[in-house]
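In what follows, a single structure is set out as structure tokens and then discussed.
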Amino acid sequence: MSGLERDALARVEETRERGGLADATCVVTGGSRGIGRAIATELGAAGADVVVNYRSSADRANAVAEAIDDAAEGEATAVRADVADPEAVESMATAVRERFGPVDVLVNNAGITVDTPFERMDRSDWQRVIETNLGGTFNCTNAFYEDIRDADAGRLINVGSVVGRRGNYGQTNYAASKSGLIGFTRSLALELAPHGSTVNCVAPGFTETEMLEVVREDVQEAIREDIPLDRFAAPEEVAAAVGFLAAPRASYVTGEIVNVNGGMYA
Ligand SMILES: NC(=O)c1ccc[n+]([C@@H]2O[C@H](COP(=O)([O-])OP(=O)(O)OC[C@H]3O[C@@H](n4cnc5c(N)ncnc54)[C@H](OP(=O)(O)O)[C@@H]3O)[C@@H](O)[C@H]2O)c1
């Protein structure tokens, strides 16, 4: 083996060793079910301490945290906060720092849909979605900004959607919120780059969670026909991409929108 090949192998090994999250504290918003639960579990399995945020499903959030505690090295805890409420988010940030110290990784995953064609959409349908999906991302990023900026491997990961790129009938509010996350991700990536912290967005396609369950069966079937891989995603398949971006080894990926959508054009 040449010296050059040995150097290359040593660099690969070094990058692999930086793969874990054993020293990291991660906050996952909306971690009580669906994609957020899978993300929290993925980060816990990588050795991180995990904060499972939720809005109303206390039992389910506690169960997620207990499962991580039982199965993984790190500690996990559930913390209630409505991400759309800046004061609740600040209280969560204070409680998290008291328990774990500064946060390394924030995953802005919490999101809702209030679907209706625009001609029937009222201001409250618009505001609920924008204030949760986009406003919640602002509130949580704002509360943990300095932690992530100053962390050795600070990571901010926003959960967008294929709908943020393609649009979708009956989802002008949701699509606007998810498109907004793309601009937010790209802009904050530029601002945090000088500090060595990264900002990325994972944009799932249609994923088997309660959010999809409320969609009519015939509409689900029409969506499935449009997916080259011919099936919906499992939440764990989305979480795998988040796990990669959260890890120290993803140090040179920033401002990126990672599509996990079964090959849909986005
Ligand atoms: N499923 C899909 O097909 C799909 C596709 C693309 C993108 N996404 C995105 O992926 C993310 C997760 O979606 P999902 O399918 O896992 O949804 P889900 O099954 O409906 O779960 C939503 C999660 O968000 C939490 N949440 C909602 N509003 C909140 C608030 N104001 N404050 C704090 N937590 C809140 C919920 O907490 P509680 O349990 O306490 O209510 C729950 O943990 C969302 O951003 C969604 O837009 C989903």
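Laboratory data are not the source of any read-out in this text; all were calculated from the coordinates shown. The structure presented is a predicted model; accordingly, all values stated were derived computationally and were not measured. So basically every Cβ, Gly included, is an ideal-geometry build from the backbone, and we count neighbours across all protein chains shown.
Principal-axis analysis of the Cα atoms of the chain puts helix 235-246 at an angle of about 40° to the longest axis.
What do you get for the angle between helix 3-17 and the principal long axis of the chain? Use alpha-carbon atoms, 0 to 90 degrees, nearest ten. The two axes meet at around 50 degrees.
Going by the alpha-carbon gyration tensor, a ≥ b ≥ c the square roots of its eigenvalues, is the stretch 203-266 rounded (a/c under 1.5) or, if a/c is not under 1.5, prolate (a/b greater than b/c) versus oblate? Prolate shape, in that a/c is at least 1.5 and a/b is the bigger ratio. Farthest toward the positive end of the dipole of the chain, out of Asn173, Val215, Val242, is the Cα of Asn173, where the dipole comes from beta carbon charges about the Cα centre. Normalised by 2.2 N^0.38 Å, where N is the number of residues, the C-alpha radius of gyration of the chain stands at 1.01. Using alpha carbons only, how many angstrom separate the centre of the stretch 31-82 from the centre of the stretch 198-266? Centre-to-centre (Cα) distance: 20 Å.
Kindly express, to the nearest 10 degrees and within the range 0 to 90, the angle between helix 86-100's C-alpha long axis and the longest C-alpha principal axis of the chain. That helix lies at roughly 30 degrees to the long axis. Projecting the Cα atoms of Val114, Val163, Ile130 onto the charge dipole of the stretch 112-182 (Cβ charges, centred on the Cα centre) puts Val163 farthest toward the positive pole. For the stretch 111-266, the Cα-based Rg and Dmax, in that order, read 16.1, 48 Å. When +1 charges are put on Lys and Arg Cβ atoms and -1 charges on Asp and Glu Cβ atoms, the dipole computed for the stretch 142-264 relative to its Cα centre reaches about 440 debye. Cβ crowding within 10 Å, taken as a proxy for footprinting-reagent exposure, orders Leu181, Leu156 from fewest neighbours to most as Leu181, Leu156. Stretching Arg6 away from Asp59 to a fully extended chain increases their span by 13.9 nm, per 0.36 nm per residue minus the current alpha-carbon distance. Rounded to the nearest 500, the 222 nm mean residue ellipticity of the chain from helices alone is -15000 deg cm²/dmol, with -39,500 (n - 2.57) taken per DSSP H run of at least 4 residues.
Each Lys and Arg contributes +1 and each Asp and Glu -1, all at the Cβ; summed about the Cα centre of the chain, the dipole is approximately 600 debye.
Ordering 245-258, 74-87, 29-42 by mean Cβ neighbour count within 10 Å, with the highest value first, yields 29-42, 74-87, 245-258. In vacuum, with every alpha carbon of the stretch 70-138 counted as one equal point scatterer, what does the Debye formula give for log10 I(q)/I(0) at q = 0.17, 0.20, 0.25 Å⁻¹? Two decimals, please. Debye curve over Cα of the stretch 70-138, log10 I(q)/I(0) at q = 0.17, 0.20, 0.25 Å⁻¹: -0.73, -0.89, -1.15.
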